[in-house]
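The values are calculated or read from the model by the stated rules, or taken from the named source; none is laboratory data. Quick caveat: nothing in here was measured; it's all calculated off a predicted structure. Glycine gets a Cβ as well: all are built from the backbone with ideal geometry, and neighbour counts include every protein chain shown. Heads up: the accessible areas ignore ligands, DNA and RNA and are worked out on the full protein's heavy atoms, side chains in. Shrake-Rupley method; radii C 1.70, N 1.55, O 1.52, S 1.80 Å.
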Amino acid sequence: MIRAAAALWLGLLVAAPLLVVGAMSLGVPADGVPPYHIPLLSGEGLGEAEAWSVLTEDGHFLGALWRSLWLAGISAGCCVVLSYPMALGLLRLAPRWRGAVLGLALLPFCVGFVLRMAGWVGLLRDSGVLNQALLAAGLIEAPLPMLYSDGAMLAGMVHGYLPFALLPILAALAARDRALEDAAADLGASRLTIFRTVTLPVTARAGLAGFLLVFIPAAGEFVIPELLGPPEALLAGRAIWQEFFSSRDWPLAAAASVALLGVLLGPMLLWQRAQR
Amino acid sequence: MSLKVEALAKRFGDVPALEGVSLEVGRGEFVSLLGRSGSGKSTLLRLVAGFEAPDAGRILIEGRDMAGLPPQARPCAMMFQSYALFPHLSVHENVAYGLRRAGQYSAARVEEWLALVGLAGFGARRPAQLSGGQQQRVALARALARKPPLLLLDEPLAALDAGLRAATGAELRRLQRETGTSFVMVTHDQAEALALSDRIALLEGGRVVQIGPPDAVHARPATRFVAEFLGAANILEEAGASFALRPEQIQLGGDIPARVLTRQFRGEAWMLECEAADGRRLRVSVPAQGEVPAEGDAVALGWPASALVPLA
Amino acid sequence: MTRFVLVLALLFLWAPVVLLAGFAFSDARQPFLWGGFSLRWFHALAGNARLLEAAGLSLLIAAGAATLAVLAGGALGWVLARQGRFTGRPLFGALAAAPLVLPEVVSGLSLLLLFVVLEHLTGWPRGRGAGTVLLAHASLGAAYVAVLVQARLAALGRVLEEAAADLGAGPFTLFRTITLPLMLPSLAAGWGLAALLSLDDVVLASFTGGPGATTLPVLLFSQLRMGPTPEANALAALLLAVALPLGAVFWWWKGRSR
């Protein structure tokens, strides 16, 4: 009984939406409310799948998809690279302070995602705090255009997603058997060699999980590029949003979503395997 | 008859766990199931308790067929190796749990049981606030509280420190006598089984290979496995047959020349590892009071013919 | 080296937040510009009806979504941990975990399209609003609750439930007296997590909410697209002022109970 109820929940709120997106991607935009016509749902067969030909023939969207994967990869890489020394540093602290410092690292998140990005806008924009300081110090004569750049976008991504990488890596490092590293040291390995040959391999699963946990949502990120990125930077999340809200081309937005999902299917399956 | 098991069989996938086990446990009897891990002894216990269903065979408790009955409907109680004390309930509520389910709860009854296992006044504590030995006694009181005719014990002493084991074992035996409950205990420790049980059933590869009182099983092992498992017997091959020969049955001063390789002090006796002239290795127990040969010494060994126990 | 990186990372994480909260006390009309100490933006915040209304709606949606997520996620986690193998179990597991990794735009769009198509076919839900946002947030929250519950039940093992059955508890009593109390810590943590996810979400609420259902993050986001506002700074300062002492008390309490 409970299993049936749980299956109904998953069917209605997870499986059905994905199926509807698939069906919508085969539809055509139409005037009216709602602005679409789906041949498949009206029993008219598959139809022309116009949205898909637009998607594949127009380099616009494929470019956005590619840029999204790049940005997600670099963001996830930065998060993992930052998480390892952070986690090791945390674990060197006395247990009582470890909790406090971890809390300190997570506390900025209580302000909420949007307001944290507002902080970055205030820090980086032309009239922002950083430019004010540089101008006052006489280091520059005109404000540096730092906001709406790839760098600002990357800073926002790392700021937004760091815990997704930090927490699994911290858990794996805390649970590791320290005797392995003592043994490696006893056998003459240097500290860097120990990290490379022992610490990293025994926590590789968590590192991979952390990477993917940032990579997958970052590939579809909309809010951060919208607030911090260059206006012309077309990314998958932005493309879907614009097709839906501005162009009101629901089938094209749906097709773009399916394409993004298709590209992310491999990383998602890899994540599920890294969980075991 | 408290428990009767007939031709019980169980497989897990392709792996047979029990292959036609039959066993009878009388009222008020203490029977141990002794064997290595994988011998099927725990599976037998779980089948009786009702956590698994047998592929074939019958289980009768107090003469009643248990087929198809879920654990909560069976009259037996189980004491788990990990104790399985409910961490979110107090010691009092843990002991009360079975009584409440049966509608027999009274606070006085729970306190009586706690007093019986030497834990009077501990009722308000949580299991995590008790020592291992105390937890073990709570688990025992909880299992016995409803006065089941049959108690199943899964390695009840295994989680305790070695020093605590003997005393707790004696306590277990005392409670068993006082309550008149039939006990079926699973263990891999032969000393524990020999010390506590009325009868021992030895399991190997999902079968019962020998069953009997501890002294009888110890003196006359039926198979090579039993002889080796029950403690350090020598196995001799003579005229195509195998015989068991206990180390304490071998005397110094016979007609078989040998040399002492090593010796170990065992408190009441020395255990000598000897090599006979024909290459056979023999373990010989020598009382500590008398003259004991040193390592490297030449000795002569002998034994009466009656000391040889033929093995199946 | 690791301590150096840790300090740098803390600076990186705190810099924008400290600025945000600090300039809340500036008298200047333009945010992130110092114009002398003033509390005027806190007064302005207290008088901002639109913002307060959005905050109230967000809290309501978060509480409702978290409660629904605990019910659904608790069931999902229990099935995954206790029902063993059944037909369709791999699909069940994949669907239960899917919301954890689906990009927000994809789940937002797909849930919205589901609601539109459902309304078209069955007449329910009538339009989009707080109810559809709540459902969308609950579907995300339930996936997190399910993970927590499944992990807790798997770590506990089955032996406690076997012991209860052995002591005479039927399936319903067993669930009420043993399984549910043992699940409780993970359900409470799940409720909190689901509520936080709901309070922090822009994308799902933008897609599945109607014009009448603007949550606080959606409102802040639409304002921020036009540029930062000093009221947002005041809100951030307020949130920090609540969270900092809460965090400190929690740390002190944990240190004492150890």
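For the range C:45-61, state whether one or more residues are touching a His at 6+ places or on another chain (Cβ under 8 Å) and in a helix (DSSP H, G or I).
Yes, the conditions are met somewhere in the range C:45-61.
If the Cβ limit is 8 Å and pairs must be 6+ apart or interchain, which residue in the range A:232-252 that is open to solvent by 70 Å² or more (accessible area, probe 1.4 Å) pairs with which residue that is part of a loop (DSSP other than H, G, I, E, B)?
The qualifying pairs are A:ARG248/A:PRO35.
Among the residues of the range C:63-71, is there at least one that is under 20 Å from the mean Cα position of the chain (by Cα), open to solvent by 30 Å² or more (accessible area, probe 1.4 Å) and either at the interface with another protein chain (Cβ under 8 Å from one of its Cβ atoms) or at positive phi (or both)? Steps first, please.
Just the residues of the range C:63-71 that are under 20 Å from the mean Cα position of the chain (by Cα), to begin with: C:63-71.
From the residues that got through so far, the ones that are open to solvent by 30 Å² or more (accessible area, probe 1.4 Å) too are C:63, C:67-68, C:71.
Restricting the remaining residues to those that are either at the interface with another protein chain (Cβ under 8 Å from one of its Cβ atoms) or at positive phi (or both) gives none.
Looking for residues that are under 20 Å from the mean Cα position of the chain (by Cα), open to solvent by 30 Å² or more (accessible area, probe 1.4 Å) and either at the interface with another protein chain (Cβ under 8 Å from one of its Cβ atoms) or at positive phi (or both), one finds none in the range C:63-71, hence no.
Quickly run through the range B:93-147 and pick out the residues that are basic (Lys, Arg), in a loop (DSSP other than H, G, I, E, B) and touching a residue at least 40 places away in the same chain (Cβ under 8 Å).
First pass over the range B:93-147, keeping only residues basic (Lys, Arg): B:100-101, B:109, B:125-126, B:137, B:142, B:146-147.
Cutting the leftovers down to in a loop (DSSP other than H, G, I, E, B) gives us B:125-126, B:146-147.
Listed by number, the list holds a single entry, B:ARG146.
Considering only the range C:25-35, I want to know if a residue exists there that is within 9 Å of chain A (Cβ to nearest Cβ), open to solvent by 10 Å² or more (accessible area, probe 1.4 Å) and touching a Pro at 6+ places or on another chain (Cβ under 6 Å). Don't jump to the end; show me each part of the working.
Filtering the range C:25-35 down to residues within 9 Å of chain A (Cβ to nearest Cβ) leaves C:30-34.
Within this subset, residues satisfying the condition of being open to solvent by 10 Å² or more (accessible area, probe 1.4 Å) are C:30-31, C:33-34.
Now restrict to residues that are touching a Pro at 6+ places or on another chain (Cβ under 6 Å): C:31.
Yes, the range C:25-35 contains at least one residue that is within 9 Å of chain A (Cβ to nearest Cβ), open to solvent by 10 Å² or more (accessible area, probe 1.4 Å) and touching a Pro at 6+ places or on another chain (Cβ under 6 Å).
Just to be sure before I move on: is B:SER32 crowded, with 23+ Cβ neighbours inside 10 Å, modelled with pLDDT of 95 or more and either more than 29 Å from B:LEU230 (Cβ to Cβ) or more than 10 Å from chain C (Cβ to nearest Cβ) (or both) in the structure I sent? Spell out the reasoning first.
Numbers: crowded, with 23+ Cβ neighbours inside 10 Å: yes; modelled with pLDDT of 95 or more: yes; either more than 29 Å from B:LEU230 (Cβ to Cβ) or more than 10 Å from chain C (Cβ to nearest Cβ) (or both): yes.
The answer is yes for B:SER32.
With the checklist (1) assigned to a loop (DSSP other than H, G, I, E, B); (2) surrounded by 24 or more Cβ atoms within 10 Å (Cβ to Cβ) in hand, flag the one item C:GLY77 doesn't pass.
(1)
Taking the range A:59-69, which residues are more than 16 Å from the chain's Cα centre (by Cα) and open to solvent by 20 Å² or more (accessible area, probe 1.4 Å)?
Answer for the range A:59-69, where residues must be more than 16 Å from the chain's Cα centre (by Cα) and open to solvent by 20 Å² or more (accessible area, probe 1.4 Å): A:GLY59, A:HIS60, A:LEU62, A:GLY63.
Among the residues of the range B:170-196, what is the count of those that are among the small types (Gly, Ala, Ser) and open to solvent by 10 Å² or more (accessible area, probe 1.4 Å)?
Here is the first cut: in the range B:170-196, the residues among the small types (Gly, Ala, Ser) are B:170, B:180, B:182, B:191, B:193, B:195.
Those left that are additionally open to solvent by 10 Å² or more (accessible area, probe 1.4 Å): B:170, B:180, B:191, B:195.
Residues flagged as among the small types (Gly, Ala, Ser) and open to solvent by 10 Å² or more (accessible area, probe 1.4 Å) within the range B:170-196 amount to 4.
I need the full set of residues from the range A:143-167 which are open to solvent by 40 Å² or more (accessible area, probe 1.4 Å), under 16 Å from A:SER75 (Cβ atoms) and away from chain C (no Cβ under 11 Å), in order please.
Within the range A:143-167, A:ASP150, A:GLY151, A:LEU154 qualify.
In the range A:36-46, which residue that is out of contact with any Phe, Trp or Tyr (no Cβ under 6 Å at 6 or more places or on another chain), crowded, with 16+ Cβ neighbours inside 10 Å and not hydrophobic (A, V, I, L, M, F, W, C) is modelled with the highest pLDDT?
In this case the residue turns out to be A:HIS37.
Among the numbered criteria (1) within 27 Å of C:ALA63 (Cβ to Cβ); (2) more than 14 Å from chain B (Cβ to nearest Cβ); (3) open to solvent by less than 60 Å² (accessible area, probe 1.4 Å), which one does C:PRO181 miss?
For C:PRO181, the exception is condition (2).
Could you list, ordered by first residue, the pairs with Cβ atoms under 7 Å in which the first is in the range B:174-198 and at positive phi and at pLDDT 90 or above and the second is assigned to a loop (DSSP other than H, G, I, E, B) and open to solvent by less than 50 Å² (accessible area, probe 1.4 Å), at least 6 apart or interchain?
Once the first residue is at positive phi and at pLDDT 90 or above and sits in the range B:174-198, its partners that are assigned to a loop (DSSP other than H, G, I, E, B) and open to solvent by less than 50 Å² (accessible area, probe 1.4 Å) give B:GLY180/B:GLY28.
For the range B:160-274, give me every one of the helices (runs of 4 or more DSSP H) that falls completely inside it and has 2 or more residues that are of a type in the set (Phe, Trp, Tyr). Walk me through how you get there before you give the answer.
Numbers: elements: B:162-179, B:190-196, B:214-219, B:224-229.
In the range B:160-274, the matching helices (runs of 4 or more DSSP H) lie at B:224-229.
Which numbered condition in (1) over 21 Å from B:LEU144 (Cβ atoms); (2) under 17 Å from the mean Cα position of the chain (by Cα); (3) in contact (Cβ under 8 Å) with a residue 12 or more places away in the chain is the only one that B:LEU33 fails?
Result: B:LEU33 passes all but (1).
Would you kindly identify the helices (runs of 4 or more DSSP H) lying entirely within the range C:196-258 that contain at least 1 residues that are in contact (Cβ under 8 Å) with a residue 12 or more places away in the chain and open to solvent by 50 Å² or more (accessible area, probe 1.4 Å)? I'd like the intermediate steps shown before the answer.
On the way: elements: C:203-208, C:216-226, C:230-257.
Filter on the range C:196-258 gives C:230-257.
Among helices (runs of 4 or more DSSP H) lying entirely in the range A:178-276, which contain 1 or more residues that are at the interface with chain C (Cβ under 10 Å from one of its Cβ atoms)? I'd like the intermediate steps shown before the answer.
Working: elements: A:178-186, A:191-194, A:204-219, A:223-228, A:236-245, A:250-275.
Of the helices (runs of 4 or more DSSP H) lying wholly inside the range A:178-276, those with at least 1 residues that are at the interface with chain C (Cβ under 10 Å from one of its Cβ atoms) span A:191-194, A:204-219, A:223-228, A:236-245, A:250-275.
Quick check on A:ALA72: is it more than 7 Å from chain C (Cβ to nearest Cβ), aliphatic (A, V, I, L, M) and either surrounded by fewer than 15 Cβ atoms within 10 Å (Cβ to Cβ) or within 28 Å of A:ILE194 (Cα to Cα) (or both)? Break it down stepwise before answering.
Details: more than 7 Å from chain C (Cβ to nearest Cβ): yes; aliphatic (A, V, I, L, M): yes; either surrounded by fewer than 15 Cβ atoms within 10 Å (Cβ to Cβ) or within 28 Å of A:ILE194 (Cα to Cα) (or both): no.
Against the criterion (more than 7 Å from chain C (Cβ to nearest Cβ), aliphatic (A, V, I, L, M) and either surrounded by fewer than 15 Cβ atoms within 10 Å (Cβ to Cβ) or within 28 Å of A:ILE194 (Cα to Cα) (or both)), A:ALA72 does not qualify.
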